[in-house]
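One structure below.
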Amino acid sequence: MNMTVLQEAIGAWEAATCIKFFEMEVLDERAEFMEFVGKKGCYASVGYRKGKNTRISVDTCAGRGVTHEIAHALGLQHEQSRSDRNDHIILVADNIEVGKEFNFALLKTVNYNIPYDYYSLMHYYDRAASGDDKRTMLARDPRFQLVMGDGKKISFWNAKLVNTAYGCIDDWLASCKQESEPCKNGGYTQKDCSCACPLGTTGDKCQVYNMSYRDALIKQISPYTSVITTSGTEVVSFGYPDDSPSAETKYTQIMRAPECHRAVVKFSDFELAPRNPTEDKICEFGSLEIRSDVTVAGGKLFCGKEIEKGTVFKSDKTDLIFHYKNPNFVQFGTENKYKGYKATFTVEPIPNCR
Ligand SMILES: [Zn+2]
């Protein structure tokens, strides 16, 4: 077992909550404790078990693994199993590998009014449990399609959930001599009596609401991700045409028409790295995926010069969704010398729509 990684993960939970971890003495005969084991695999049983230990196997956990497994032991389920997940994701049953459906069990979780969090430490990524690398989960807020599962740290909402469930906040309120929660907009009183404020709020009591948590979050983790609603807007790739990103980049652009209208996007320029002629002819060095609706799991994938000038794409309903990706060119000793793309967004009415 990697003790440094384990101690870092424990330290992260101790810093974010009121929970303290102690190493047990050899003669300690208590039946209920967390047992970290150095077995192969990365898993934990969920929550307190009366009269039993809660086992966490962390030997082969990579990345966020240990922090994530401790969360399970503390009682957290996967985000995509939350009782309200159907309001936030669409499961693609056809793409889930047979025998792996349990990963998407809908559980009667207690959520304490804490919002669903695509960037939770507990969220899987969008192709999880697929046998053939297809999407198993679609974000109803498509800005988060490419980033769900990327959350590597204890999120604000993960911490608030644990601090609520374990009574940390009540204890802190009492020791800070507060009869009710002085922090606004979802913020909460923490150990030093200051407010822990959600993203999108400022002020010592989180009283200034600047934008929603999700708006602030996506701005922070994927600044080029945008929702475009103004007909006539020119839609370009990041850095178009002379400064396309050579560092690893991914973002989503959503062209959103009003109710009963379609988004119409007409390309005037398109140039990404060409398809790899060998490796299954994949768009390895950059791709644009176009989805005609939030319910479409796999869109059309383009690279090279595959979209000719004048080509038009239309949404099925209101949203046309672009997912752009390119890998780290520098790692391959090269740079991104391709122009990217330029298109114009307009809208048109959907006949007989009401
Ligand atoms: Zn897990």
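The values are calculated or read from the model by the stated rules, or taken from the named source; none is laboratory data. Remember, it's a predicted structure, so these values are computed and weren't measured experimentally. Positions of Cβ are generated from backbone atoms using ideal geometry, with glycine treated the same way; all protein chains shown enter the neighbour counts.
Out of all the residues in segment 179-198, which are touching a strand residue (DSSP E or B) at 6+ places or on another chain (Cβ under 6 Å) and part of a loop (DSSP other than H, G, I, E, B)? Hits for segment 179-198 are 183, 185, 187, 190. Considering the conditions (1) surrounded by fewer than 22 Cβ atoms within 10 Å (Cβ to Cβ); (2) within 12 Å of the ligand (Cβ to nearest atom); (3) not in a loop (DSSP other than H, G, I, E, B), residue 77 is excluded by exactly one of them, (3).
All but one of (1) touching a His at 6+ places or on another chain (Cβ under 8 Å); (2) within 15 Å of the ligand (Cβ to nearest atom); (3) over 18 Å from residue 70 (Cα atoms); (4) not β-branched (Val, Ile, Thr) hold for residue 137, so report the exception by its number. Against the list (1) touching a His at 6+ places or on another chain (Cβ under 8 Å); (2) within 15 Å of the ligand (Cβ to nearest atom); (3) over 18 Å from residue 70 (Cα atoms); (4) not β-branched (Val, Ile, Thr), residue 137 comes up short only on (1).
Output yes when any residue across segment 125-134 is in contact with a Lys or Arg (Cβ under 6 Å, 6 or more places away or on another chain), more than 17 Å from residue 75 (Cα to Cα), more than 16 Å from the ligand (Cβ to nearest atom) and in contact (Cβ under 8 Å) with a residue 60 or more places away in the chain, and no when none is. The answer is no, given that none of the residues of segment 125-134 is in contact with a Lys or Arg (Cβ under 6 Å, 6 or more places away or on another chain), more than 17 Å from residue 75 (Cα to Cα), more than 16 Å from the ligand (Cβ to nearest atom) and in contact (Cβ under 8 Å) with a residue 60 or more places away in the chain. If the condition is being within 22 Å of residue 168 (Cβ to Cβ) and aromatic (Phe, Trp, Tyr), then segment 179-215 contributes 188, 213. For segment 284-341, a tally of residues being in a strand (DSSP E or B) and among the acidic types (Asp, Glu) returns 2. Scanning segment 34-57 for residues that are modelled with pLDDT of 90 or more, more than 22 Å from residue 161 (Cβ to Cβ) and either assigned to a loop (DSSP other than H, G, I, E, B) or within 13 Å of the ligand (Cβ to nearest atom) (or both) yields 51, 52, 53.
Pairs linking a residue in segment 1-18 that is assigned to a helix (DSSP H, G or I) to a residue that is surrounded by fewer than 12 Cβ atoms within 10 Å (Cβ to Cβ) and of a type in the set (D, E, K, R), with Cβ atoms under 7 Å and 6 or more positions apart or on different chains, are 14/20. For segment 92-103, the criterion of being farther than 21 Å from residue 158 by Cβ, of a type in the set (D, E, K, R) and within 16 Å of the ligand (Cβ to nearest atom) is met by at least one residue. Sort through 113, 103 and tell me the only one that's farther than 23 Å from residue 294 by Cβ and not acidic (Asp, Glu). Matching residue, one of 113, 103: 113.
Within segment 120-140, count every residue that is under 11 Å from the mean Cα position of the chain (by Cα) and part of a loop (DSSP other than H, G, I, E, B). Adding up the residues that qualify gives 7. Criterion applied to 110, 98 was being β-branched (Val, Ile, Thr), in a loop (DSSP other than H, G, I, E, B), closer than 23 Å to residue 136 by Cα and modelled with pLDDT of 90 or more, and the one residue passing it is 98. I want to confirm something. Restricting to segment 264-283 and keeping residues that are of a type outside the set (Lys, Arg) and assigned to a loop (DSSP other than H, G, I, E, B), which single residue is surrounded by the fewest Cβ atoms within 10 Å (Cβ to Cβ)? The qualifying residue surrounded by the fewest Cβ atoms within 10 Å (Cβ to Cβ) is 277.
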